[in-house]
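See below for the structure under consideration.
The values are calculated or read from the model by the stated rules, or taken from the named source; none is laboratory data. The shown structure was predicted, so the numbers you read here are calculated from the model rather than taken from an experiment. We place every Cβ from the backbone using ideal geometry, glycine too, and count neighbours over all the protein chains shown.
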Amino acid sequence: MIVRLVLAQLKSVVGDKESNLKRAIRIINKYKSVEEPTLIVFPELYLTGYLIKDLVFDLAEQVPGPSTGKLEEAVYGTKTAVVMGLPELHSTEKLLYNSAVLISGDGSIGVYRKRHLPSYGVFDEARYFKSYKGKMEVFNVFSLKVGLLICYDAFFPELSRTLSLKGAEILVTISAAPDMSINFFETFMRARAMENTVYTTYVNTVGFYNGLGFFGGSHVNSPLGTTLVRAEYFKEDVKTVRIDLREIVRARKVRPLLKDFEPLDVLELYREVFS
């Protein structure tokens, strides 16, 4: 199966959900398809902007909610799905999560909640958000199996491996990463693809906020680590690329890493460390 990916590397207007959403819907309307399976990906916390600080308490929404409803309307009845970052107010727990929603033209909605919250240097996410500790889910979108991650989560290979063992064919990481992190993400995205013989997609925000420059550089890697497309650095950009899921089968014949993985052995090693 061939799937078209759209990397929407956009700058958010901090605190202006209406403006950001309108712009996203213009992108969706331009690239959505009723014939070709299409996945359009926006950055981490795109809906509100990343550095919203205490505004998060006023801007967070439940899922489903008003903003996701508009995204549903934009893709309904098409073969298009959208991934977007937003601050989520959990409907029952009344906690705030840094979340990624996956909204499909078939009416389904998936949510991934960030597990690792950076709280060092310029980052203070743990002050505002709760770290999610539930199960990890792989989402089925038009027969494409999608695993979601958010930014710092990609630094921890156990998460990518878990999603891959659960059947993910593509790992989508949305991000709001400043320029001091370029080498980390470009290295880790290739590594996660090669370790698991899956496609990896990385979509980062851009712009300068409070002295931080967010570097963009959104890209897609093949299951053997070849970079297939890359967006501009430090500039807004939208890139498209088509991926062939048959490449996963070919890659796993060349490097059968998931088949040769020994989970029980690894579990024993972890028990030795943490007992």
From the list ILE40, ILE52, which residue is of a type outside the set (Gly, Ala, Ser), touching a strand residue (DSSP E or B) at 6+ places or on another chain (Cβ under 9 Å) and over 17 Å from VAL172 (Cβ atoms)?
ILE52
Give the number of residues within the stretch 229-275 that are farther than 30 Å from ILE40 by Cα, surrounded by 14 or more Cβ atoms within 10 Å (Cβ to Cβ) and without any contact (Cβ under 8 Å) to a residue 24 or more places away in the chain.
0
Scan the stretch 203-217 and tell me whether some residue there is aliphatic (A, V, I, L, M), over 13 Å from the mean Cα position of the chain (by Cα) and closer than 28 Å to PHE261 by Cβ.
no
From the options LYS235, LYS253, LYS239, residue that is basic (Lys, Arg), within 20 Å of PRO37 (Cβ to Cβ) and out of contact with any Pro (no Cβ under 6 Å at 6 or more places or on another chain):
LYS239
Has the stretch 177-194 got any residue that is of a type in the set (Ser, Thr, Tyr), more than 25 Å from LEU264 (Cβ to Cβ) and in contact with a helix residue (DSSP H, G or I) (Cβ under 8 Å, 6 or more places away or on another chain)?
no
The stretch 177-220, residues that are over 24 Å from ILE243 (Cα atoms) and surrounded by 19 or more Cβ atoms within 10 Å (Cβ to Cβ):
ALA177, PRO178, SER181, VAL206, GLY207, PHE214, PHE215
Going residue by residue through the stretch 164-173, is there one that turns out to be free of Cβ contacts under 8 Å to residues at least 40 places away in the same chain, surrounded by 23 or more Cβ atoms within 10 Å (Cβ to Cβ) and under 15 Å from ALA100 (Cα atoms)?
yes
Every residue from the stretch 125-159 that is crowded, with 17+ Cβ neighbours inside 10 Å and either at pLDDT below 95 or assigned to a helix (DSSP H, G or I) (or both)
GLU125, PHE142, CYS151, TYR152, ASP153, ALA154, LEU159
Quick one: which strands (runs of 3 or more DSSP E) lie wholly within the stretch 14-124 and hold at least 1 residues that are within 19 Å of the chain's Cα centre (by Cα) and of a type in the set (Phe, Trp, Tyr)?
96-104, 109-113
